[in-house]
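Colleague: The following block contains the structure, expressed as structure tokens.
The values are calculated or read from the model by the stated rules, or taken from the named source; none is laboratory data. Treat the numbers as computed from the prediction; the structure is a model and nothing was measured. For neighbour counting, all protein chains shown are included, and Cβ atoms are generated from backbone atoms with ideal geometry for every residue, glycine included.
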Amino acid sequence: MNTLKLFFISFFLQVVSLHNLNAQELSLHNNNEEIFTYRVKQISEFIDRFNYKFDEEFKEVLDNENITLAREEAIYALFDLEDPRFNIENIHSAEYATLVSNFVSHCIENKQYIDKSSEYIIANATVEATLNDKPVDFTIELQQENVAPDMLKWVINDVHGELFNVFNEDSTILRFLPPSSDELDFMELRRALKDIDYLDQYTHKSFEYSPLSVMLYLINQGILEVQSIMDVTYIIEDLPGWQITVKDCNRNMRNSGWLITDLKKTSLTP
Amino acid sequence: MQKVIINIFALILMFGALSAQTKTAVTSKEANILTEISLSNDDIEVFKEQTRQKVDEFTQHIITIGDKDEPMERRNLAEKEALKLFYAGSEMEISSILTDGSVHKIARPMEKYLARLKALPYTKVKIKFYDIAYVSDFTKGPDGRYYSVATVIQEFSGFKGDNIVYTDVTKKEIEIIIDMVEDPFFNQKSWKIFLGDIKASETRASAVP
């Protein structure tokens, strides 16, 4: 309970110092520059602020407002404070607040930092595309790959979407090519390959269906055409035992830009 | 900055077919050469400062191009000068929020974007950029070039007569590329800053009344 109490005290400090000035800010148009300075403008700035590294302009604004931001507060300020789970009246608040509080304490006590070039930073890009000229959407998963010690590139890791869920599961019917097929010149094959929803069941036991290969094929054949990338969400698993989701919270207030919209405990260790 | 200027005449001969390249695909030969050459941290800091100047230069050109009170000759010149700042093939992707809340995106070659900016159907256009720009750290890519992103905010107002008929605030993410280019006069290769693709997104108004 103490942890929870501490969290709320800290949270309200955030609300007072960083967040709830919104109403007056919005009425003053020329304060937009100030909001822009507070805004977490890029994912790299998110990582910098998480790692307690501020750019000169942000430091200047903090100095001007006599705000000394401890690392703990800096991390709290990276959460999406508009998340309904931060509303005390919400019945689920206590659970999430405790989780956030534990996470922040863990990061401070164990001096946890995010490595900008980590392969445990996954970007999920939502894609708008056309499949045979009909609109479809799916998600392309990307991650950073170290080409050399000081060189990076982003690579496509996987792809997710209804479009790629082509096979059904069915344990009630056993599908196979019988042992006698060879003697019949595999004439069963024609029938098997018409069983379009279960084609994978006729393959060897170590076969793994690869949606990514399918996407590449469809694009290569001109069947699938990517139109635009609608939004990007980052899943950061670079902090042992934790998974954070970071999204661009596009709004005109200090607590905006790339912020933590979800937090999970995991068993993964980078 | 002298350190940055590298005399490598022999390399000049090896750099060929540049025009056929894009930002996502370069010849292996060129990539191999560039990966061998690295900028020092001090050089990178200098380039970071220069990036701010380049971005300022670009935003000034945007203001001039859009300003219908400026003579057309000056606006045309600004358009031409603005294009010189960009890497070949750079695009501007604009996303706007529709009345139903959905987001519409459209990408145009930079040339087309600037030409359209000049011909907007308003009697007067006011464009203002905030004084501050956020520039991320440079990271070396597999092609040996250095990449960063600068974020700026633009306020746009379109007038019909004395009345504002359209206004928006957009966040512009400008890709920054440090590439090695040849100076044919001095037979030298030196690192130079280019602007790359730009992602412009309308900033969403708060739900707070």
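Colleague: Condition first: among the charged types (D, E, K, R) and either in contact with a Cys (Cβ under 6 Å, 6 or more places away or on another chain) or surrounded by fewer than 20 Cβ atoms within 10 Å (Cβ to Cβ) (or both). Now tell me which residues in the range B:127-142 satisfy that. Spell out how you get there, then give the answer.
Modeller: Taking the range B:127-142 and keeping what is among the charged types (D, E, K, R), we get B:128, B:131, B:137, B:140.
B:Lys128, B:Asp131, B:Asp137, listed by residue number.
Colleague: Looking only at the range B:64-102, which residues are within 14 Å of another protein chain (Cβ to nearest Cβ) and either surrounded by fewer than 15 Cβ atoms within 10 Å (Cβ to Cβ) or in contact with a helix residue (DSSP H, G or I) (Cβ under 6 Å, 6 or more places away or on another chain) (or both)? Lay out the reasoning, then the answer.
Modeller: Just the residues of the range B:64-102 that are within 14 Å of another protein chain (Cβ to nearest Cβ), to begin with: B:91-98, B:101-102.
Scanning the range B:64-102 gives B:Met92, B:Ser96, B:Leu98, B:Gly101, B:Ser102.
Colleague: Of these, B:Lys105, B:Lys124, B:Lys140, B:Lys118, which one is over 15 Å from B:Ala200 (Cβ atoms), at the interface with chain A (Cβ under 10 Å from one of its Cβ atoms) and modelled with pLDDT under 95? Don't jump to the end; show me each part of the working.
Modeller: Values: B:Lys105 fails: over 15 Å from B:Ala200 (Cβ atoms); B:Lys124 fails: at the interface with chain A (Cβ under 10 Å from one of its Cβ atoms); B:Lys118 fails: at the interface with chain A (Cβ under 10 Å from one of its Cβ atoms).
None of the others qualify; the one that does is B:Lys140.
Colleague: Also: Consider only pairs whose beta carbons are under 8 Å apart and that are at least six residues apart or on different chains; among these, list those whose first residue lies in the range B:35-63 and is within 12 Å of another protein chain (Cβ to nearest Cβ) and whose second residue is of a type in the set (Phe, Trp, Tyr).
Modeller: Partner pairs satisfying both residue conditions: B:Leu39/B:Phe47; B:Leu39/B:Phe138; B:Leu39/B:Tyr146; B:Leu39/B:Trp191; B:Ile44/B:Phe138; B:Ile44/B:Tyr146; B:Lys48/B:Phe138.
Colleague: Now, a different point. Considering only the range A:175-195, I want to know if a residue exists there that is over 30 Å from B:Asp137 (Cβ atoms), modelled with pLDDT of 95 or more, surrounded by 13 or more Cβ atoms within 10 Å (Cβ to Cβ) and touching a Ser or Thr at 6+ places or on another chain (Cβ under 7 Å).
Modeller: no
Colleague: Another question, if that's okay. Name the single residue that is farthest from the other protein chains (Cβ to nearest Cβ) among those in the range A:89-108 being surrounded by fewer than 17 Cβ atoms within 10 Å (Cβ to Cβ) and closer than 30 Å to A:Pro149 by Cβ.
Modeller: Restricting to residues being surrounded by fewer than 17 Cβ atoms within 10 Å (Cβ to Cβ) and closer than 30 Å to A:Pro149 by Cβ, the top hit is A:His106.
Colleague: Could you tell me whether B:Val169 is farther than 14 Å from B:Lys54 by Cα, in a strand (DSSP E or B) and more than 12 Å from every other protein chain (Cβ to nearest Cβ)?
Modeller: Numbers: farther than 14 Å from B:Lys54 by Cα: yes; in a strand (DSSP E or B): yes; more than 12 Å from every other protein chain (Cβ to nearest Cβ): no.
So B:Val169 fails the test.
Colleague: Give me a count of the residues in the range A:230-247 that are within 20 Å of B:Lys105 (Cβ to Cβ) and modelled with pLDDT of 95 or more.
Modeller: Applying the first criterion (within 20 Å of B:Lys105 (Cβ to Cβ)) to the range A:230-247 yields A:230-234, A:247.
Filter again for modelled with pLDDT of 95 or more, leaving A:232-234, A:247.
Looking only at that region, the number is 4.
Colleague: Can you tell me which residue within the range A:243-258, out of those that are of a type in the set (A, V, I, L, M, F, W, C) and within 18 Å of A:Ile121 (Cβ to Cβ), is surrounded by the fewest Cβ atoms within 10 Å (Cβ to Cβ)? Quick ask: steps written out before the conclusion?
Modeller: Taking the range A:243-258 first, the residues of a type in the set (A, V, I, L, M, F, W, C) are A:244, A:246, A:249, A:253, A:258.
Checking the rest, the ones that are also within 18 Å of A:Ile121 (Cβ to Cβ) come to A:244, A:246, A:258.
Values: A:Ile244: 21, A:Val246: 25, A:Trp258: 23.
Per the criteria, the residue is A:Ile244.
Here is a yes/no grid of residues against (1) under 23 Å from B:Asp137 (Cα atoms); (2) surrounded by 15 or more Cβ atoms within 10 Å (Cβ to Cβ); (3) modelled with pLDDT under 85:
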| residue | (1), (2), (3) |
| --- | --- |
| A:Val16 | no, no, yes |
| A:His19 | no, yes, yes |
| A:Asn22 | no, yes, yes |
| A:Leu26 | no, yes, yes |
| A:Thr37 | yes, yes, no |
| A:Ile43 | yes, yes, no |
| A:Thr68 | no, no, no |
| A:Asn87 | no, no, yes |
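Colleague: Being closer than 18 Å to A:Glu162 by Cβ and touching a strand residue (DSSP E or B) at 6+ places or on another chain (Cβ under 6 Å) is the filter; apply it to the range A:176-228 and report the residue that is nearest to the other protein chains (Cβ to nearest Cβ).
Modeller: A:Gln227
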